[in-house]
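Colleague: My questions all concern the structure below.
The values are calculated or read from the model by the stated rules, or taken from the named source; none is laboratory data. Being a predicted model, the structure only gives us computed values, none of them experimental. Every residue, glycine as well, gets a Cβ built from its backbone with ideal geometry; the counts of neighbours run over all protein chains shown. Side chains are part of the model used for accessible areas, which takes the heavy atoms of the whole protein and leaves out ligands, DNA and RNA. Shrake-Rupley method; radii C 1.70, N 1.55, O 1.52, S 1.80 Å.
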Amino acid sequence: MTIEYRFNRLVFTAKSGDQPKRACSIAAKAFIVFISLCTLFPPAPAAGAGAKRRSLAPKETPQGAPVITASPSNVTIPAGQTQGATTLTWDGGSAHPYAELWVKVGAQEEKKVVEQGKGRREMKVKAGKTYLYKLEDAGQQLAGVTVQAGVASEASLTTELGTPGGRAPGTPASPKADVKQSLPLSAAGLRLKQFYLSMNVESLWIAEHHVNWETGEPDMPESEHGNKTHCSAFVAAACQRRGIYILRPPEHGQLLLANAQADWLNSDGAGRGWRKLADNAELFSQAQQLANNGKVVVAIYKNTDPTKPGHAALVMPDERSSTRLQNDGPELIMAGTHNHNKISLKNGFHSHISEWPEHAIEFFAHGS
């Protein structure tokens, strides 16, 4: 009988009469020869295999890399105030679900803020300070962002926002300046404008997210109910920070809050310092001028269908001409389907306006 030892295409035989040692020796020699041949003449790769292997090599930074951002990273604090705010957004990625947020203020020792792999949080910052926010895991820094806070003088704000009349300094008035003269913006109006901008409404109170009404931050990621728009919650939060009361949670839930606020302003608002502006030809200019003088002015619409939401917004201090006021109404800051730091009344309430000029939107000023 003959025993065959096969290695790839090589065949070695041992007869049945061979001694066991000889049979093993033949097998060992066959294996050594096979290995040697493979080393000298490696098998050719299959067609396209090399190209495929190279295409799998990573060429970009993997998705899910740790990141942290601050909005804004340069905080301008209105003159006369000592602190502002920035909103941090961070994500440690799938590899760091227990990442920690740390902060270092100037030369001070760093402090732990929270252990949370992913999140968003508003952070207070003081004028003249530099903040370094770091995302760490087990003592290793994953990402970082620097935030600087400075105070804006009234003079610099005037330069940034423009001079009364909407003209650059030194530019002579046009012959029609008396017709298109912009409403002046006082120092108090400048401060109110900066306060509204510090609310960071374009990044918070986002539609289709269940949010904390006071901060605008998502607070129930898994929620599938109550995730509509948050116009009235934003108005309530801004008023609360100014020390002004308007109907808000927990006295009324966020659902259909704008309709309830409209009713409250008409019934109980006067007792809390609110005054309804007369609906006449001067309504838009009066609302805008009060805001420009530093007064909180609410524009609000109550839906005629009590089962559907209304809308609420704040009048943003702005140097608007009489022509723009007539054509588009006052400037607003608002949350809604889309959030805006600056949007006209006509555009902000477009889904509730059936004619222009309109008479369904009411204006209430506080402390005027």
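Colleague: Determine the order of Ser322, Ser344 by accessible area, beginning with the largest, at a probe radius of 1.4 Å.
Modeller: Descending accessible area places them as Ser322, Ser344.
Colleague: For the ranges 70-78, 324-332, what's the packing order if you count other beta-carbon atoms within 10 Å of each residue, average per peptide, and put the highest first?
Modeller: Order by mean packing, descending: 324-332, 70-78.
Colleague: Amide H neighbours of Val125 under 5 Å, counting only residues 5+ apart in sequence or on other chains, H built in-plane at 1.01 Å?
Modeller: Sorted by chain and number, the residues that satisfy this are Gly84, Ala85, Thr86.
Colleague: Hey, can you rank 136-142, 181-187 by average C-beta count inside 10 Å, highest first?
Modeller: Peptide ranking by packing, descending: 181-187, 136-142.
Colleague: What ranking do 211-219, 254-262, 80-88 get when scored by the average of other Cβ atoms within 10 Å per residue, highest first?
Modeller: 254-262, 211-219, 80-88
Colleague: Report, in whole Å, the centroid distance computed from the Cα atoms of the stretch 76-101 and the stretch 237-290.
Modeller: 31
Colleague: Please list, in order along the stretch 349-358, the HN-Hα scalar couplings obtained from phi with the Karplus expression 6.51 cos²θ - 1.76 cosθ + 1.60 (θ = phi - 60°), rounded to whole Hz, x for Gly and Pro.
Modeller: Computed from phi, the couplings for the stretch 349-358 are 10, 4, 6, 10, 9, 9, 8, 9, x, 9 Hz.
Colleague: Can you run phi through the Karplus equation (6.51, -1.76, 1.60; θ = phi - 60°) for the stretch 119-132 and list ³J(HN,Hα) in whole Hz, with x for Gly and Pro?
Modeller: x, 9, 7, 7, 10, 7, 10, 9, 4, x, 9, 10, 10, 10
Colleague: Right, next: Would you mind checking which residues have amide H under 5 Å from Ser368's amide H? H placed 1.01 Å from N; only 5 or more apart, or other chain.
Modeller: Excluding prolines and chain starts, which carry no amide H, the hits are Arg275.
Colleague: Oh, and also: Amide H to amide H, which residues 5 or more places from Lys228 or on other chains are under 5 Å from it, using H placed in the peptide plane?
Modeller: Glu208
Colleague: Quick one: of Lys276/Lys342; Lys111/Lys134; Lys104/Lys124; Lys308/Lys342; Lys193/Lys228, which pairs are farther than 21 Å apart, Cα to Cα?
Modeller: Lys276/Lys342; Lys308/Lys342; Lys193/Lys228
Colleague: May I ask you to derive the FRET efficiency for Asn266 and Ala95 from their Cβ-Cβ distance with R0 = 35 Å, giving the value to the nearest 0.05?
Modeller: Calculated transfer efficiency: 0.05.
Colleague: Also, quick follow-up: Given a 1.4 angstrom probe, I'd like the percentage of the accessible area of the stretch 244-301 that is carbon and sulfur, rounded to a whole number.
Modeller: Of all accessible area on the stretch 244-301, carbon and sulfur atoms account for 52 percent.
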